[in-house]
Amino acid sequence: MSEVRITPDDTPDLKQLDPLLDEYRGQKGAVIPVLQKAQKIYGYLPPEVLRRIAAGMRVPLSKIYGVATFYSQFYLTRRGRHIVRQCDGTACHVRGAGKIVERMEQELGIRAGQTTADYRVTCEVVYCLGSCGLAPVAVVNDQTIGKLAPEKMTTILRSLE
Ligand code: FES
């Protein structure tokens, strides 16, 4: 995962956007690549960043928000340092993924789709990761882990710093 560069008071350093805006200003179809690159810089797309992009590209803020909210690849809230995606698709579900999701929620004290208050972990439920033969499967920070069980999920979550 890319480094999340947020200043200590959580205010994004908007100067980091300048080279990006200079590169893409005036180009047609540039909104998506600019949002992708901005998300790489900050880890997500906070409102200040979206406003700066709108102003810098001379595109209405409503259009920037429209794109950022339409595509699931964009995140408008800050994500955890670790991303855990538990599959609850059919193959995983019949092999007990529901219990793993429950364990994940209990262990972290949040619901699927949320991020812990200390931004340590974001947990998500997805529906098929394309590794059904390994069901139940989770992806932890881009690493696929198969044949999971609730106890194993607990061990994984406790190992994430
Ligand atoms: S259903 Fe879980 S990997 Fe396909």
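The values are calculated or read from the model by the stated rules, or taken from the named source; none is laboratory data. Note that the coordinates shown come from a computational prediction; the quantities given were computed from them, not determined experimentally. Backbone-built Cβ (ideal geometry, glycine too); neighbour counts: all protein chains shown.
Taking first residues from the stretch 121-136 that are aromatic (Phe, Trp, Tyr) and partners that are within 6 Å of the ligand (Cβ to nearest atom) and assigned to a strand (DSSP E or B), the Cβ contacts under 9 Å between residues at least 6 apart in sequence or on separate chains come to 127/87. Counting only residues that are among the acidic types (Asp, Glu) and under 16 Å from the mean Cα position of the chain (by Cα), the stretch 112-161 holds 3 of them. Screening the stretch 110-161 for residues that are outside any loop (DSSP other than H, G, I, E, B) and small (Gly, Ala, Ser) and picking the one that is farthest from residue 90 (Cα to Cα) gives 159. In the condition set (1) within 16 Å of the ligand (Cβ to nearest atom); (2) in a loop (DSSP other than H, G, I, E, B), residue 85 is compliant with all but (2). The listed residues are 156, 53, and the only one of them that is touching a residue at least 24 places away in the same chain (Cβ under 8 Å), of a type outside the set (Asp, Glu), surrounded by 15 or more Cβ atoms within 10 Å (Cβ to Cβ) and under 26 Å from residue 33 (Cα atoms) turns out to be 53. Based on what the data block shows, is residue 101 part of a helix (DSSP H, G or I), among the aliphatic types (A, V, I, L, M) and within 16 Å of the ligand (Cβ to nearest atom)? So residue 101 passes the test.
Yes or no, residue by residue, for (1) in the same structural domain as residue 150 (by TED's automatic domain parsing); (2) in contact with a Cys (Cβ under 8 Å, 6 or more places away or on another chain); (3) of a type in the set (Val, Ile, Thr):
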site	(1), (2), (3)
55	no, no, no
59	no, no, yes
63	no, no, no
66	no, no, no
89	yes, yes, no
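Here the condition is being away from the ligand (no atom under 16 Å from the Cβ), surrounded by 15 or more Cβ atoms within 10 Å (Cβ to Cβ) and not assigned by TED's automatic domain parsing to the domain that holds residue 39; of 115, 77, it holds for 115 alone. Scanning the stretch 21-40 for residues that are in a helix (DSSP H, G or I) and not β-branched (Val, Ile, Thr) turns up 21, 22, 23, 24, 33, 35, 36, 37, 38, 39, 40.
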